Amino acid sequence: MSYEMYAIALLIIFAYIVYRHGKISELEMAIVPRRIGDRLTRLWEIAHHGMRENRFLRAEKALLTILKIDEKNAAAYNRLGILYAKQHEYKDAIDCFEIASSIEPSASSFHNLGLIYYETENYEKAATAFEESLKIEDNLAARHIAYAKVQEKLGNDKLTLQELETAAELEPNRESFTLLAKAYEQQGMNTEANKIQKRLDKAALPAGKPKRILRPKRVVI
C-alpha cells in the first residue's frame, strides 16, 4: 500500500471515530435533560403531596432540591412562599414571593406577596403588590376585594368603594354584594346599601353565577 493510500485510510478511520463520538455525545446530551426532567417531576409530586398532607419539612426539602437544580424556578419559589406562610414564617415567605416576582412576574406571586404584607400590617407595600397583581390580571373579583381591604386600612374610602363595586360587577354574587353593602353602610351611604340589601333579600342574582367569589390560585390567607 502506497503512503498516500495509507494516509487516506487513516483519515477515513479518524473521521469515523469523530463522527461516532459525536453521535454518542448527542445521545448522552439528550439523556441528561430527560433524567433531570424525570427527577424534577418526582420532586414536584413530593412537594405537592407534602403540602397537601401538612408534611411541611418533606415539602420544603423537595422544593429546595428543585431550586438547587433550577435556581430560577419561579413556581418553586412561589410554592415555597406559600409553605412558609402556612407556618406563619412571614419573613421567609416574603423573600420567596419577592424572588418569584423578580424572576417571573405573575398576578399570583404579587397577590400572595400582598396578602403577606397585609397580614403583617405593612399596608403600603401590600397596596403596591396588589396594584402590580391587578396590572397583570384584573378580571378576578378576589384581587379587587383584597386591594379594597388594604385601601380601607389606609383610609382611602373612595378607592375602597370603587374596588368593591368593580368586584361586584365582575362576579355579581351574594359574597361580593354583601361586602359592598357593608362598605356602603360604613360610609353612611344607606340608600345604596338598602338597594343592595333588597337584591340580596330577593336573591336577584344573575342565573348561573357562582354564590361565592372565585379565588385566585395559590392564595395563602
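The values are calculated or read from the model by the stated rules, or taken from the named source; none is laboratory data. Nothing here was measured: the structure is a model prediction, and the numbers come from that model. Cβ atoms come from the backbone with ideal geometry, glycine included; neighbour counts cover every protein chain shown.
Filtering the range 119-155 to residues that are under 18 Å from Pro105 (Cα atoms), touching a residue at least 40 places away in the same chain (Cβ under 8 Å) and in a helix (DSSP H, G or I) leaves only Arg143.
When Ile103, Ile99, Ile94, Ile69 are checked against the criterion of being in contact with a Gly (Cβ under 8 Å, 6 or more places away or on another chain), at pLDDT 90 or above and not basic (Lys, Arg), Ile94 stands alone in meeting it.
Which residues, taken from the range 76-92, are among the hydrophobic types (A, V, I, L, M, F, W, C) and either outside any helix (DSSP H, G or I) or in the same structural domain as Ile46 (by TED's automatic domain parsing) (or both)? Once the filter is applied, which keeps residues that are among the hydrophobic types (A, V, I, L, M, F, W, C) and either outside any helix (DSSP H, G or I) or in the same structural domain as Ile46 (by TED's automatic domain parsing) (or both), the range 76-92 yields nothing.
Has the range 108-129 got any residue that is outside the structural domain of Tyr184 (by TED's automatic domain parsing), closer than 27 Å to Asn173 by Cβ and either out of contact with any helix residue (DSSP H, G or I) (no Cβ under 6 Å at 6 or more places or on another chain) or aromatic (Phe, Trp, Tyr) (or both)?
At the first step, the residues of the range 108-129 found to be outside the structural domain of Tyr184 (by TED's automatic domain parsing) are none.
Scanning the range 108-129, I find no residue that is outside the structural domain of Tyr184 (by TED's automatic domain parsing), closer than 27 Å to Asn173 by Cβ and either out of contact with any helix residue (DSSP H, G or I) (no Cβ under 6 Å at 6 or more places or on another chain) or aromatic (Phe, Trp, Tyr) (or both), so the answer is no.
The set of residues from the range 148-200 being out of contact with any Leu (no Cβ under 8 Å at 6 or more places or on another chain) and of a type in the set (Lys, Arg) comprises Lys149, Lys153, Lys158, Lys182, Lys195, Lys198.
Yes/no per residue for (1) at pLDDT below 85; (2) surrounded by 18 or more Cβ atoms within 10 Å (Cβ to Cβ); (3) within 26 Å of the chain's Cα centre (by Cα):
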position: Tyr147; (1), (2), (3): no, yes, yes
position: Thr160; (1), (2), (3): no, yes, yes
position: Gly188; (1), (2), (3): no, no, no
position: Asn194; (1), (2), (3): no, no, no
position: Lys211; (1), (2), (3): yes, no, yes
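Collect the residues in the range 62-104 that are among the acidic types (Asp, Glu) and within 15 Å of Leu43 (Cβ to Cβ), keeping them in residue-number order.
Taking the range 62-104 as the starting set, the residues that turn out to be among the acidic types (Asp, Glu) are 70-71, 89, 92, 95, 98, 104.
Listed by number, the residues that qualify are Asp70, Glu71.
When the range 116-145 is filtered for residues that are buried (at least 18 other Cβ atoms within 10 Å of the Cβ) and within 12 Å of the chain's Cα centre (by Cα), only Ser133 remains.
Taking every residue in the range 56-68 that is within 18 Å of Gly37 (Cα to Cα) and pairing it with any residue that is at pLDDT below 95 and of a type in the set (D, E, K, R), at least 6 positions away or on another chain, the pairs with Cβ-Cβ distances below 7 Å are Leu63/Arg79.
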